[in-house]
Amino acid sequence: MGRGIFNKLLNNLQSAGEGLEDKRRKGFDLKYKLIDALKSALSVFFFQHPSMLDFQLKMKEKQKRSNLETLIGVREIPSNVQITTLLDRINPDSVSSVFNENLLALDKWDGLKDFRCLDDGVLLALDGVWYFSSQQIHCEHCLHKTKDGLTTYFHSALAGTIVRPGNTAILPVMPEMIANTDDFAHEDNSKKQDCERNAAKRWLLKHADEYKWLSPTLLGDDLYSNYPFCKEVLKHGYSFIFTCKDVSHPWLAQTVRNSFLEETSRREWNGRHHLTYTYQWLNGVEIPDNKETLLVNYFSLTIWNEKLNKSTFYNTWITNNK
């Protein structure tokens, strides 16, 4: 990444951080600014050091300056506890614009050209990720799961990343938190947990228009291959490619079994043995929802390993029917 682009990304974060309301009570030590906590959190991913803050503090002791100061622009280096304490008070949506502004800056410098594909659009992968778990520490917003009598509490988020086959780099978009709130209470006051699919619906409502300039095609696993969510994706002008397992979609699987599928194969040498890639597809398959249906395209890929004399990969997907 060029220094000019990196400085632009930092400036976007700086602008968002300076606009945040500091909710700490007056009279308390305000030595560490919110923007320093934001930049320090960013640097964890930038430097990719297992003990980044300890490393930076030791560097400062030895050389009087650290990379956090010279590269990231942190004035006072907060500790891990101070970072989490400061950032816990921030609503993630208050800095959501930084992600899109950074992508616009990258595009201006031709940084997105290597990610463009499928009619010059981008592939935007959605997936849930845990970022905290404990069997002792928990809060009112924690999700939880119980196995063998042990309850694990965790926080998670729906992460969105721009990806492209063959490119090891990824570009993040604004995530959506998955957390239990009062919005998920039943009429009988029983609690219903938030989930990845609900978070994906909220993400579309909040950010679909914001990222529409990218012409995204959403990628996701089997939980997204249902009529309501696919319909919502199309309503916002996006395309989709979702994993669609036969076991969770018996109607579609039966239609595919009773239909003639188009097929093509290619044989390749991978340096050790030959692999045969077989593609099958069927256009205009119905995904039902009560009395309504949505037409999608179904396709599958099987990889046959000639040395092992068996299939080493098989998966099925659906995509929107343009």
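Results, tabulated for the structure shown:
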| quantity | calculated |
| --- | --- |
| Single match in Glu268, Glu263 (criterion: in contact with a Leu (Cβ under 8 Å, 6 or more places away or on another chain) and free of Cβ contacts under 8 Å to residues at least 60 places away in the same chain) | Glu268 |
| Scan of region 268-295 for residues that are out of contact with any helix residue (DSSP H, G or I) (no Cβ under 7 Å at 6 or more places or on another chain) and among the aliphatic types (A, V, I, L, M), ordered by number | Leu275, Leu295 |
| Restricting region 296-309 to residues that are in a strand (DSSP E or B) and over 28 Å from the mean Cα position of the chain (by Cα), the residue that is surrounded by the fewest Cβ atoms within 10 Å (Cβ to Cβ) | Asn305 |
| Cβ pairs under 8 Å, 6+ apart, first in region 227-252 and farther than 18 Å from Leu118 by Cα, second hydroxyl-bearing (Ser, Thr, Tyr) and exposed (fewer than 15 other Cβ atoms within 10 Å of the Cβ) | Tyr227/Thr293 |
| Spans of strands (runs of 3 or more DSSP E) in region 120-184 with at least 2 residues among the aromatic types (Phe, Trp, Tyr) | 122-134, 150-164 |
| So Leu234, is it under 30 Å from Ala199 (Cβ atoms) and either part of a loop (DSSP other than H, G, I, E, B) or touching a Lys or Arg at 6+ places or on another chain (Cβ under 7 Å) (or both) | no |
| One residue from Thr276, Thr319, Thr293, Thr312 being closer than 20 Å to Val233 by Cβ, polar (S, T, N, Q), part of a strand (DSSP E or B) and modelled with pLDDT of 90 or more | Thr319 |
| Contacts under 8 angstrom Cβ, first residue in region 190-203 being part of a strand (DSSP E or B), partner at pLDDT below 90, 6 or more apart | Lys191/Asn180; Lys191/Phe184; Lys191/Ala185 |
| Residue within region 212-233 that is polar (S, T, N, Q), farther than 28 Å from Phe313 by Cα and surrounded by fewer than 17 Cβ atoms within 10 Å (Cβ to Cβ) present | yes |
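Condition check ((1) free of Cβ contacts under 8 Å to residues at least 40 places away in the same chain; (2) touching a strand residue (DSSP E or B) at 6+ places or on another chain (Cβ under 6 Å); (3) of a type in the set (Ser, Thr, Tyr)) across all residues:
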| position | (1), (2), (3) |
| --- | --- |
| Ser97 | no, no, yes |
| Gly111 | no, no, no |
| Leu123 | no, yes, no |
| Trp130 | yes, yes, no |
| Leu150 | yes, no, no |
| Tyr153 | yes, yes, yes |
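The values are calculated or read from the model by the stated rules, or taken from the named source; none is laboratory data. Keep in mind that this is a model prediction, so the values were computed, not measured. Ideal geometry is used to build each Cβ from the backbone, glycine not excepted, and the neighbour counts take in all protein chains shown.
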